[in-house]
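Written out below as structure tokens is the structure these notes cover.
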Amino acid sequence: LLSYSQIKQKNYVEAEKNISLMLNENEQSPDAIFLRANIKSAKGEFLNALKDLDYAIARKPKNADAFILGMYVLANLNQWNKVEYAGITALKFHPENVKIIVMISNAICQQGRYDEAEQWLAKALSVQPTYYEIYKVRTRICLARNDIQEAYNMLSMLDDIKTDSDLYLVRALYFTKIGDPTKAIQMAQQALILDTNNQEAKDFINKIRI
């Protein structure tokens, strides 16, 4: 618990010390290895993080956070088909986890299967209709279909959320659609401030500057 708290506070040096103590007691501890995966992910060491997550999930498949971290890591590697597969696997153990359901929807959206993505969003709505990330993915779908007004309506509902890196990237996509590249870059840059590993934001900035 102490290590987990330190990771949340981005105090990775102290967290690593405590994880080392755990591994000294039991070098096969799935909890310690999962925590180590969190640190590797935070540092952008995604392939190494996946190795730890494979081990942790194999031994503790009921750890929903491990699946969610794995999906995040795969997303930053642009492996959306694997994000989808990991999520569907996770639902066998966590069928009502709305975050996993929405992450599956987003992965399917990223692959251009918008009708299917909406079906997953409908499932998420039936579980927890107030979960804001549902509307974030819905905005992506609207933008892909050039439904600009509905995208605006979705984003207006999320105006008060200022700590979500991916949401800022979605805002960047919106401003690109309405022809405001300056504002779009500002939004993408804020996405990177909140999450320096947001690969989609990095790719977006590089593309729009070209």
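A few remarks follow.
- Cross-link reach is defined here as a Cα-Cα straight distance under 17 Å, omitting same-chain residues fewer than 8 places apart; for Lys62 the lysines meeting it are Lys92, Lys99.
- Rounded if a/c under 1.5, otherwise prolate or oblate - region 58-144, Cα gyration tensor axes: oblate
- Net lengthening on full extension, Met22/Ile208 (0.36 nm per residue, minus Cα-Cα): 62.4 nm
- Region 1-160: C-alpha gyration tensor shape, a/c 1.5 cut-off, then a/b vs b/c: prolate
- If R0 is 22 Å, the Cβ-Cβ spacing of Thr182 and Glu150 corresponds to a FRET efficiency of close to 0.40.
- Restriction of the trypsin sites (Lys or Arg not before Pro) in region 1-71 to DSSP coil positions whose beta-carbon has at most 11 other beta-carbons within 10 angstrom yields Lys10, Lys62.
- Residue-averaged [θ]222 nm for the chain, counting only DSSP H segments that reach four residues, each worth -39500 (n - 2.57): -24000 deg cm²/dmol
- The length gained by stretching the chain between Gln199 and Lys51 to full extension, at 0.36 nm per residue less their Cα-Cα distance, is 51.3 nm.
- Accessible carbon and sulfur surface of the chain relative to its total accessible area, %, 1.4 Å: 52
- Candidates His94, Cys142, Gly179 compared by Cα position along the dipole of the chain: farthest toward the positive end lies Gly179, with charges placed on Cβ.
- Within the same chain, lysines fewer than 8 places from Lys162 are excluded, and of the rest, those with a Cα less than 18 Å from its Cα are Lys8, Lys136, Lys183.
- Principal-axis tilt of helix 12-25 within the chain, Cα atoms, nearest 10 degrees: 40
- Of the residues Val73, Val98, Val13, the one that moves most in a GNM of the chain with alpha-carbon contacts below 10 Å is Val13.
- The C-alpha atoms of the chain define a longest principal axis, and helix 98-110 lies at about 60 degrees to it.
- Distance from the Cα centroid of region 78-145 to that of region 151-210 is 19 Å (rounded to whole angstrom).
- Accessible area expressed per residue, the chain, with surrounding protein chains retained (probe 1.4 Å, Å²): 53
- Chain lengthening between Asn78 and Tyr114 when straightened (0.36 nm per residue, less Cα-Cα): 11.2 nm
- With θ taken as phi - 60° and the Karplus curve 6.51 cos²θ - 1.76 cosθ + 1.60 applied, the whole-hertz 3J(HN,Hα) list for region 169-177 is 5, 5, 4, 4, 4, 5, 5, 5, 4 Hz, x standing for glycine and proline.
- Rounded if a/c under 1.5, otherwise prolate or oblate - region 157-208, Cα gyration tensor axes: oblate
- In degrees, nearest ten, helix 133-144 long axis to first principal axis of the chain (Cα): 40
The values are calculated or read from the model by the stated rules, or taken from the named source; none is laboratory data. This one's a predicted model, so the numbers in the text were calculated from it and none came from an experiment. Methodologically, a virtual Cβ is constructed for each residue, glycine included, from the backbone with ideal geometry; neighbour enumeration extends over all protein chains shown. Please note that ligands, DNA and RNA were not included when accessible areas were found on the heavy atoms of the full protein model with its side chains. Shrake-Rupley method; radii C 1.70, N 1.55, O 1.52, S 1.80 Å.
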